[in-house]
1. In chain A, which cysteines lack any other cysteine Cβ under 4.7 Å from their own?
2. Pairwise over distinct Cα atoms, reciprocal of the mean inverse distance: report the Kirkwood radius of the stretch A:119-194 in Å, one decimal place.
3. Give the cross-link partners of residue A:838 among the aspartates and glutamates, using a straight C-alpha distance below 15 Å as the criterion and excluding same-chain residues fewer than 8 apart.
4. Using Cα centres only, tell me the gap between the stretch A:227-290 and the stretch A:159-211 in whole Å.
5. Leaving out ligands, DNA and RNA, and with a 1.4 Å probe, what % of the accessible surface on the stretch A:1-87 is carbon or sulfur?
6. Of A:20, A:52, A:41, which is farthest along the charge dipole of the stretch A:1-52 in the positive direction, counting Lys and Arg as +1 and Asp and Glu as -1 at C-beta?
7. Roughly speaking, what is the stretch gain from residue A:330 to residue A:792, that is 0.36 nm per residue apart minus the C-alpha to C-alpha distance, in nm to one decimal?
8. Please tell me which of these pairs span more than 31 angstrom C-alpha to C-alpha: A:660/A:794; A:527/A:679; A:684/A:857; A:735/A:795?
Amino acid sequence: MSEMSKTYSPKDVEQKWYNCWLEKKSFKPVDGKKEETFSLLMPPPNVTGKLHMGHALDQTCQDVLVRFKRMKGYKTLWIPGKDHAGISTQAVVEKKLYQEEGKTKHDLGREEFEKRIWQWKEQYGDEIFNQLKLMGVSCDWDYDTFTMDEIPNQAVRKVFTELYNEGLIYQSDYIVNWDPILQSAISDAEVEHKEVKGAFYHILYQVQGSDTQLEIATTRPETLLGDSAVAVNPNDERFKHLIGKYAIVPICNREVPIIGDEHVDIEKGTGCLKVTPGHDFNDFEIGQRHQLEIINILNKDGTLNDQGLEFKGMSVKEARKAIVSKLEELSVIVKIEEHIHQVGHGQRSDEIIEPIVSKQWFVNTEAMASEAVKSVENEKMKFFPKTWENTYFSWLRNPKPWCVSRQLWWGHQIPVYYCQENNCSHVWASEAEPQSCPKCQAQNFHQDPDVLDTWFSSGLFPLSTLGWPNEEAMREKGFKEFYPTSTLVTGFDIIFFWVARMMMMCQKFSGQSPFTHTYIHGIVRDKNGRKMSKSLGNGIDPIDIINEYGTDAMRFTLTSGSGYNRGLNLDPERIEGYRNFINKIWNAFRFIAPFLEKASNELPEMRVLGTHDKWILSELNTVSAEVNKSIEEYRFDDASSAIYQFVYDKFCSWYIELSKNILHSDNEHSQNIRSSVLKYCFKKIVALLHPFIPFITEEIWSYLKDEYEPLLISSSYPEHQEEFNFPDEQTQMNKFIETITNIRNLRASVNIKPKEEISAYFFTDDKFFAEFLYENRSFMNDLARVNSGKVFNKKSTRPSKSLMAATSFCEIYVPLEGVIDLEEQVSRITKEIEKTQKEFNKFDKKLQNPKFIENAKPEAVEEAKQKAGAFKEKLESLKISLENFQ
RNA sequence: GGUCGGUUAGCUCAGUUGGGAGAGCACCUGCCUUACAAGCAGGGGGUCACAAGUUCAAGCCUUGUACCGACCACCA
């Protein structure tokens, strides 16, 4: 141990312990002293992605919980997984294929292309897990599940088939968000609205058989080729007489009915609306109400089709330009106004989404959503912080059909089959691969080519990772024990996508909420509160941080910033600060290490413990209680800060400092006691810290632990113990600390050299404290260089013209006659008097107020009296001192 | 437009039934005191966004105003 470095170097330690934990199977669930289990499902990272700071936060919070619960004695399971992430994975591989081989997926064909994605997944998918391991995550890797593994496939097929047979999954011609780049439908949740500069085009439509022209304002003039009506509000005095007549759409000269519909806002635009049921969500609904024709003017790639007339083949953007100039030629454009509006973009492709009517598969979520709402209302599942349930409710209380089909190749192919026998044409869903048509037994059938939305399979992940629906797998994986899981940890951005879907689907198929708590953590941003993004160049790669500062420092930074807040602004300076904290712990250990041989394995008997010992044990007890409570409430910030304060401000600054004198003395008995208490406390400290900073704590533990003891990861977590509460010792020590601080303050105020020794006189009527001062006189020298001190009662005469400081219980005089600047001291004490007077007045005023005495709680009155008394005593001490100067 | 959240020290934020305004970082001063200069000791710094109200008492409760943010909805 002699070669222990002054600075802790994480690199030497982290890999070693991670491998050791794996080897000892420390991440596997084992029976502990608690009967309950604690299980947690990791939000499965995408196989495409690289981990970012958000993942680091997410994983760290989970790992803290898991390590904490494991040490508390719960049978603990953390399930890792990966998501096939249909759209983004397919896009990445397509891009690579094109860049490297100049080929498209169609050149390869579906089967070959899917093979390529599997290869890609095998090659890069594990990269993410390697990164997770660097972060120290303690999940049970044997449970690793991929959303397209056999069991999740079974789950998907079973759920789809049952919902289909119940009529909750259906196929329908419906207007969907069409992504022209992906050439697939996407769900509402995958559409992001962005502000775009556009224009209002005011166009004249001729009313048939009349001179009247209707002025219609639109932001999308090109869609007039798909118009099948003009709508006005039936209560609009200006236009209601026209209802029932026909209007002529310019360019295509189509006659369309003028209809009345409440949807039309009299105030908005011109009050006349062109209705394009094929390319607008609202118009689609108007169309349904009035049985209007749906005219599709677009191809799958977003270009105009045959309905586009002479504009056929143009993109929407080109067509808009061309059509506007054509309209201008026809002199039917009244005006063009600039207009900024929100336009839907694909979450993945970032391309403008075209509403298009097409045949898609939908899930009717109404009943499932209402159950999911109930679970949260009945607190079967609770959000932390609670306010996120608003977001959850807003989505689920207003459920819309969920479009689950995607026109992709990568994903779970929809298990619906079409019999191709002419006289049969049976359509059915099947849990297993069918051999023949169940109706006509023909073998001539084909499967629906579309795949399912990624969230369909991840929505079932709490069930499928535990083996469902395969009974053998469920037994093997302990479904009964671990389902429902305990807590879900995730970011608010996927409350709709994932949390809501798991709640709906898992509850439907298991009858239980898939987890009982959901902790929503904040989003990691840069130090200025901006989102981390490539374009801003402000991203921080967790792996870089780990390499520079160590995993523990990164983890502690993240947890110390994570409570019930919405964001976490990550400033590299803070990471450095916590790196320093890690180093502090290391050095505290270096101090203790040489004395470990003298320490016994157990805490010495209570009767031999001194005030310092009882004080630190009592403080340790307090911090243990705080940390336990905070982690249970997901207040990782409070927990981190409680230990941080304890380590710095109690253990290092005072207990270690007070120990030096003893450990370097000749008294072996005292040495043994002190080293034993130090060891005991330090073991508790590293245990308390282990969930947050697992590596350095396991390293230090290896030196502290006795042979028979297990690894720290498998040891028990410190808890509050009533027998270690020593309020009297805490009071005495607090007074002592205040006194020392006052002396140091006096020294600093007149620039006494740190090495120079002084004498001091104490005036106090507190008998216990006087005794304590006497007993601790040698420590006075260690901590404040007071080489001789005398204690008097307050009736005694004070020395004149001395440095002086006062607390509420004690006056401190440092005689330095001839050395000190009298005026300066007078002014310092006068200032102190003013300050103390103000504080006294505050409480005195309260006590003078009869209404306060009358109405306030007795405790509040009592407290005010005490405070006033204390300030008064201090005030009087200061006044005496001031008089001595005059 | 709807919903939710925010406004507290130079910066990032905490503040739990209403009862003396806190932390970390940064800053200033003095120290290489043998665990630690990635350190030690000391210090300065806040009309708690603004206004009214309830109360003996408001950072905290009510109402209003201003600004900031997130999400949802909205392509006339």
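1. Cys with no partner Cβ under 4.7 Å: A:20, A:61, A:139, A:252, A:272, A:403, A:506, A:652, A:681, A:810.
2. Numbers: mean 1/r = 0.0602 Å⁻¹.
Evaluated on the stretch A:119-194, it is 16.6 Å.
3. A:873, A:876
4. 18 Å
5. Values: 1790 of 3470 Å².
Heavy-atom surface of the stretch A:1-87 belonging to carbon and sulfur, 1.4 Å probe: 51 percent.
6. It is A:52.
7. On the way: separation 462, 0.36 × 462 = 166.32 nm, distance 10.70 nm.
The residue A:330-residue A:792 span can extend by a further 155.6 nm.
8. Where the Cα-Cα span goes over 31 Å, the pairs concerned are A:660/A:794; A:527/A:679; A:684/A:857.
The values are calculated or read from the model by the stated rules, or taken from the named source; none is laboratory data. Just so we're clear, the structure is a prediction, and the values are computed from it rather than from any experiment. Reconstructed Cβ throughout: ideal geometry from the backbone, glycine too, with neighbour counts over all protein chains shown. Side chains included, ligands, DNA and RNA excluded: accessible areas come from the protein's heavy atoms. Shrake-Rupley method; radii C 1.70, N 1.55, O 1.52, S 1.80 Å.
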